[in-house]
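To start, the structure itself, in structure tokens.
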Amino acid sequence: MSEKCAIFIDRGYLGEIVKNQFNGEIVDYLKLSNEISSGLNLERLRTYVYTCMPIIRNGNSLDIERKAKVQKFITKLKRLPRFEVKLGKLQVIGNQFKQKMIDVLMSLDIATMAYENQIQQAVIIAGDSDFIPAIKKAKDYGIIIHLYYHPSSAHNDLLDEVDELHEINQEFIKKCKIK
């Protein structure tokens, strides 16, 4: 029997990569999870998707439409086999939208699952160095850490800390997109 893994996806990160590097292809999250786990010859315990609901600004009908689309997407994700959605908060800082709590939620889940010996390997789709303490703690518990990333947007310290690197490229996205 193969080892168990959990897949941890920062949806904001994956969304930006797909939008900026792969012409906004629409990713099928179940295909993506299956492609990763089968490619690594691992049994997928669960896929965790970390995201935020859009902010609705006063009188902005586009925000209302955006929120409805995201809610529909989240409902579909939750109904996929062995998927869980975790919500952070979206804030406006300066003139930019920023995800809040995503890194902390994901870090806690990685460290907890490692500590509780629920998984032997963790797959992270993210680019932020804020995950490094959780990665170090999981490695202390014997977990192998895989990072799926795009070279245009991954922190060097994160690249240095994980056990195995897997580049998100056109071939990978092609296998994971909705047809």
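The values are calculated or read from the model by the stated rules, or taken from the named source; none is laboratory data. Keep in mind the model is a prediction, meaning the values are calculated, not measured. Cβ coordinates were reconstructed from backbone atoms using ideal geometry, including for glycine residues, and neighbour counts include every protein chain displayed. The accessibility values were calculated without ligands, DNA or RNA, using every heavy atom of the protein model including side chains. Shrake-Rupley method; radii C 1.70, N 1.55, O 1.52, S 1.80 Å.
Against the list (1) farther than 27 Å from Ser153 by Cα; (2) in contact (Cβ under 8 Å) with a residue 24 or more places away in the chain; (3) out of contact with any strand residue (DSSP E or B) (no Cβ under 9 Å at 6 or more places or on another chain), the condition Leu108 fails is (1).
When the residues of segment 15-31 are filtered to those that are of a type in the set (Val, Ile, Thr) and closer than 19 Å to Lys76 by Cα, the one that is least open to solvent (accessible area, probe 1.4 Å) is Val27.
Applying the criterion of at least 1 residues that are over 21 Å from Ala138 (Cα atoms), among the β-branched types (Val, Ile, Thr) and touching a residue at least 60 places away in the same chain (Cβ under 8 Å) to the helices (runs of 4 or more DSSP H) found wholly in segment 1-89 leaves 11-21. Restricting attention to segment 124-152, the residues that are in contact with a Phe, Trp or Tyr (Cβ under 9 Å, 6 or more places away or on another chain), in contact (Cβ under 8 Å) with a residue 40 or more places away in the chain and more than 20 Å from Tyr29 (Cα to Cα) add up to 1. Restricting attention to segment 89-111, the residues being touching a helix residue (DSSP H, G or I) at 6+ places or on another chain (Cβ under 7 Å) and either hydroxyl-bearing (Ser, Thr, Tyr) or surrounded by fewer than 15 Cβ atoms within 10 Å (Cβ to Cβ) (or both) number 1. Looking at the structure I just gave you, is Ile124 touching a Lys or Arg at 6+ places or on another chain (Cβ under 8 Å), closer than 19 Å to Tyr48 by Cα and either surrounded by 13 or more Cβ atoms within 10 Å (Cβ to Cβ) or modelled with pLDDT under 95 (or both)? Criteria not met by Ile124. Across segment 137-173, the qualifying residues are those that are over 17 Å from Glu3 (Cβ atoms), over 15 Å from the mean Cα position of the chain (by Cα) and among the charged types (D, E, K, R), and the one among them that is least open to solvent (accessible area, probe 1.4 Å) is Glu161. When restricted to residues that are touching a Pro at 6+ places or on another chain (Cβ under 8 Å) and closer than 22 Å to Ile7 by Cβ, segment 38-92 contains 1. Across segment 44-78, the number of residues qualifying as modelled with pLDDT of 85 or more, in contact with a strand residue (DSSP E or B) (Cβ under 6 Å, 6 or more places away or on another chain) and open to solvent by 40 Å² or more (accessible area, probe 1.4 Å) comes to 2. In segment 13-45, the residue that is farthest from Leu80 (Cα to Cα) out of those that are small (Gly, Ala, Ser) and touching a Lys or Arg at 6+ places or on another chain (Cβ under 8 Å) is Ser37.
The residue that is least open to solvent (accessible area, probe 1.4 Å), counting only those in segment 79-88 that are within 26 Å of Glu43 (Cβ to Cβ) and more than 12 Å from the chain's Cα centre (by Cα), is Leu80.
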